[in-house]
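Taken together, the values in this text are just the output of simple stated rules run on the coordinates, not laboratory data. Since the model is a prediction, treat every value here as computed from it, not as a measurement. Here the Cβ positions follow ideal geometry from the backbone for every residue, glycine too, while neighbour counts run over all protein chains shown.
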Amino acid sequence: MSTVTTASAGYVRAPGVLHTILLAGSVSLFLGALLSDYTYYNTYQIQWSNFASWLNAGALLFAGLALVFALVNLLRARPMAGRPLNYFVLLLLTFVIGLVNAFQHAKDAWALMPTGLLLSAIVFILICITAVVGLNPRSGGLK
Amino acid sequence: MNRSSALALFSMTLLASACSNEANTNLASGPDPKLPAPERGLFPSMKIAEPTAWGDQKPTVPEGYSISAIATDLKIPRQMLVLPNGDILVAEGRGGSAAKLKPKDVIAGYIKAQGNTKVKGGNRLTLLRDADGDGQYELKTVFAENLNAPYGLAFANNKLYVANQDAVVTFDYQPGQTKAAAAPVTLTQLPAEINHHWTKAMTISPDGRYVYVGIGSNSNITERGMEAEVDRAMVWQIDVTTGAHKPYATGLRNPTALAMNPETGQLWSVVNERDELGPDLVPDYLTSVKEGGFYGWPYSYWGQNVDPRVMPPNPKKVAAAIKPDYGLGSHVAALGLHFSLPTMGAKFANGAFVGEHGSWNRDNPVGYKVIFVPFANGRPAGAAIDFATGFRDANGKTRGRPVGVTVDPRGALIIADDLANTVWRVVPNR
């Protein structure tokens, strides 16, 4: 893979290894939260709700760190527009809704339902779109 | 969303200064409390006590009464017992081993710990003696140690009953004794798994045949699962000769103090109700405890008000729920109950003293005082009167937090303060 850093118009780096792990990892963590919420919704077994809370917290940790990479990526982009901007905004939106969902999951027992399940579904869809935008080498920037 | 509460979650410094609106109304008191609709923003409203020392200050008591500290430097005093010779036993300790199941438990546990003492619980009984009757308790000695978070205390027929967080144990006691002669004997094991609410309140029947033990729920509102609530949120009746137990009354979320009304022989309890339904829900209460009665938890509160956080619902249990007798106000955290005697003075001769540890789930703190609920004919009659106040100072810092209250038959109210690790004594001036 080329590591040339010549600053030409529209040039941005493809995500590095760590950035990729963080972003792709948060996809599966958010999916785990969604599936756990879905199971709690169907069984009333509280342990699934505990799983969902921790999976969402882990996803936020990964997505939050990826957000730092995305911001650096954006600041280096010339112009600061297009895919790098879309990626950053999408990831930020995912993170913020995920954070709201974390507080929703701090409610006791059934108080988190059905909003928690709905938020988990929205966040999962968002992180999938975000990852496609962020990880696609053509959209990520290598031209 | 409540902004001051949002900050509170992340900053202890802001916690103390945020929410300075002092409109200190708490409508949910009396026999027929006003119950607003449940509310819960993204964050629960919170304000944690910021501890400060009493210094030269003391709690404020009614005119004609005086208060003094009779013991300091205790190790988390909770409940007390006045023995026939006037000696006072103080149960000291802190229990509970509830695992942190959610990220929320980690954060909330840290925040709530800021409002409590940093002292390690004593797991012991301390004996206080005023041999010459001058109101100074010159002897302070350890009566028994290596107990497991002792809380409820009772005495009858030369036997001392101690409710540890996991068992009722007994000591033989002879008048004048200052130290237990032998290790305690276990009467009955108590439900102790998780022990989210660990305090085991206790009182004894007038004939000394049964002890009654309060066992709190294992969660706020079933968030540890229904399986964790087996044998929880109830009062047990235990036969003191055999140790056999049966549930005496159920659906009492956290019965933190039990007492017999001396006039009627009826069992009463103060009960701490559920959190996170808003600042004015749900009222903690004082109630007579009827044999076989179900008081609502977890399915409903204050009679038939359904709690939607409990799934699956149980309409039959909701229909059966008894409405408590007297609301004390939401989140006041009543932890002490003892009935008065005529030796306390005419105004406070008939009624119940209630120690209120104070709120966390409320922007405007409530509780942090000892109140008196007047009784007539064995029932609450009239509005509660403040008996000991000043546990929070003018700057909103907390000097002390009342727990157990015990009437000394000679004419004194003993108050345990588990933040200042002090025992206070209030007497009518003579």
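Relative contact order of chain A: what whole-number percent is it, with Cα pairs under 8 angstrom and at least 6 residues apart? 36 percent.
Farthest towards the positive end of the charge dipole of chain B, among the residues B:GLY278, B:ALA69, B:GLY404, is the Cα of B:GLY278, using unit charges on the Cβ of Lys, Arg, Asp and Glu.
So for each of B:238-248, A:19-29, B:277-287 I average, over its residues, the number of other beta carbons within 10 Å; can you give me the resulting order with the highest mean first?
Values: B:238-248: 15.4, A:19-29: 19.7, B:277-287: 25.1.
Most protected by this proxy first, the peptides run B:277-287, A:19-29, B:238-248.
For chain B, adding -39500 (n - 2.57) for each run of n ≥ 4 DSSP H residues and dividing by the number of residues yields -2000 deg cm²/dmol at 222 nm. Projected label points at B:ASN158 and A:ILE97, each 7 Å from Cα along the beta carbon direction, are separated by 7.5 nanometres. Remark: mean inter-chain Cβ contacts per residue of B:269-276 equal 1, using a 10 Å Cβ-Cβ cutoff to other protein chain atoms.
Taking the Cα centre of the stretch B:57-428 as origin and assigning +1 to Lys and Arg Cβ atoms and -1 to Asp and Glu Cβ atoms, the resulting dipole is close to 540 debye.
Residues B:ASP73, B:ASP417, arranged from fewest to most other Cβ atoms within 10 angstrom of their Cβ, appear as B:ASP73, B:ASP417.
Excluding same-chain neighbours fewer than eight residues apart, the aspartates and glutamates reachable from B:LYS75 by a Cα-Cα span under 16 Å are B:GLU92, B:GLU145, B:ASP417, B:ASP418. Calculated FRET efficiency, B:THR264 to B:ALA244, Cβ-Cβ distance, R0 = 25 Å: about 0.45 to the nearest 0.05. By the count of other C-beta atoms within 10 Å, a proxy for reagent exposure, B:MET311, A:MET80, B:MET202 are ordered fewest to most as A:MET80, B:MET311, B:MET202. Post the alpha-carbon centroid distance, the stretch B:48-67 to the stretch B:210-250, in whole angstrom. When both Cα centres are located, 35 Å separates them. For B:LYS58, the lysines whose Cα falls under 16 Å of its own Cα, not counting residues fewer than eight places away in the same chain, are B:LYS369, B:LYS397.
Hey, got the average number of other protein chain Cβ atoms within 10 angstrom for residues in B:37-47?
Neighbouring Cβ atoms belonging to other protein chains average 2 per residue here.
Taking the fewest neighbouring Cβ atoms within 10 Å as the starting point, the ordered list for B:LEU341, B:LEU35, B:LEU125 is B:LEU341, B:LEU35, B:LEU125. Beyond 23 Å in Cα-Cα separation lie the following of the pairs B:LYS100/B:LYS290; B:LYS47/B:LYS118; B:LYS112/B:LYS200; B:LYS100/B:LYS200: B:LYS100/B:LYS290. Could you tell me how far the Cα centroid of the stretch B:306-338 sits from the Cα centroid of the stretch B:86-151, in Å? Computed from Cα coordinates, the inter-centre distance equals 27 Å. Dividing the helix sum by the residues of chain A, where each DSSP H run of 4 or more adds -39500 (n - 2.57), gives a mean residue ellipticity at 222 nm of -25500 deg cm²/dmol.
Full extension of the chain between B:LYS323 and B:LYS120 yields a length gain of 69.3 nm, computed as 0.36 nm times the residue separation minus the alpha carbon distance. For the stretch B:57-428, the Kirkwood radius over C-alpha pairs fed into Stokes-Einstein at 25 °C and 0.890 mPa s yields D = 120 µm² per second.
Work out how much length B:LYS100 to B:GLN189 would gain on full extension: take 0.36 nm times their residue separation and subtract the Cα-Cα distance, in nm to one decimal. Separation in residues times 0.36 nm, less the Cα-Cα distance, equals 29.6 nm. Here each label is just a point 7 Å from Cα along the line to Cβ, and for B:ALA349 and B:ASP393 those points are 4.0 nm apart.
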